[in-house]
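Read-outs throughout are calculated quantities, based only on the coordinates presented, and are distinct from any laboratory measurement. This one's a predicted model, so the numbers in the text were calculated from it and none came from an experiment. Using ideal geometry, Cβ is built from the backbone for each residue, glycine included, and neighbour counts are taken over all protein chains shown.
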Amino acid sequence: MKVMAHKAAKKQYAVIGMGRFGFSVANALSSMGFDVLAIDSDEHSTQAVSNIVTHAVTADSTDEEALRALGIRNFDVVVVAIGEDIQASILTTLILKDLGGPLIVVKAQNELHGKVLNKIGADKVIFPERDMGLRVAHHLTSPNILDYIELSDEYSIVELKATKAMFGQNLKELDIRARFGCNVMAIKRGTKMNISPAASDKLADGDILIIVGEKSDLTKLELAYSEE
């Protein structure tokens, strides 16, 4: 089956590898209204996702001609979500890089795998298991942390639930930047998002602060409010 992607107003995605992670990504992108091509070497896997995505194709992603025939270079983003086969993940990434065109996002099994992917030209390397572990750990150690996103080795973003000690105080009075070296980027209040809040903005029960900073500084912030 030959599938050609045609440029349109909305982005088009290809997801290679229909394991749990790849299936989840393909399903999420499809539910958001994007055109999605799902690729896996196992026919049962492609059949399982065929009624969810735009196209599902059984193909060997380490076969350059197979990817070329699918028009893979015409897609905006290709997600390489291959599971345990690190060799296939690396070879697929190399072929995609050589073909040119799409942004290449690759799932890494471990740090060494990630380093190799970066060296061969992956545009973005993600560590789903590691990142989920970090999020769970932060949820367990600090009940006020609602989410934790790692931006790099040094920086992260946290969603911090406002505590009683914060209620009625504004950002200037809390002085989070001076005390912890972190910056409040936004405040969520119900369904509304206050981007770049003013120093005079006061916090209330139910508010959520979106804070960015170095990991060590964020840890100090978490510890300071975990006792609330």
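Please list, or write none, the lysines whose alpha carbon is within less than 29 Å of the alpha carbon of K172, excluding same-chain residues fewer than 8 places away. Within the straight-line limit of under 29 Å, K172 reaches these lysines: K161, K164, K188, K192, K202, K215, K220.
May I ask you to derive the FRET efficiency for K115 and N27 from their Cβ-Cβ distance with R0 = 22 Å, giving the value to the nearest 0.05? According to the calculation, E is roughly 0.15.
Using only the C-alpha atoms, the convex hull of the stretch 132-225 corresponds to 93 Å³ per residue.
The alpha carbon centroids of the stretch 19-34 and the stretch 155-198 are separated by 32 Å. Exposure proxy for L221, L99, L151: other Cβ atoms within 10 Å of each Cβ, ordered fewest to most, give L151, L99, L221.
For the chain, the relative contact order works out to 13 percent when only alpha carbon pairs closer than 8 Å and six or more residues apart are counted. Note on the stretch 12-126: percent of Cα-Cα distances in each 5 Å bin, starting at 0 and stopping at the bin with the largest distance, equals 2, 13, 27, 26, 20, 9, 2, 0. Model label points for N194 and I157, set 7 angstrom from Cα along the Cα-to-Cβ axis, are 1.9 nm apart. Above 25 angstrom, tally the Cα pairs of the chain and express them as a % of all pairs, no decimals. Of the Cα pairs, 51 percent sit more than 25 Å apart. Remark: I16, I195 ranked as I195, I16, counting other beta-carbon atoms within 10 Å and listing the fewest first.
Taking a point 7 Å out from the Cα of D201 in the direction of its Cβ, the residues of the stretch 153-178 whose backbone N falls within less than 19 Å of it are 157-178. For the pair A165 and A178 in one chain, pulling the backbone fully straight at 0.36 nm per residue adds 2.9 nm over the alpha carbon distance.
When E214, E84, E222 are sorted by how many other C-beta atoms sit within 10 angstrom of their C-beta, beginning with the fewest, the order is E84, E214, E222.
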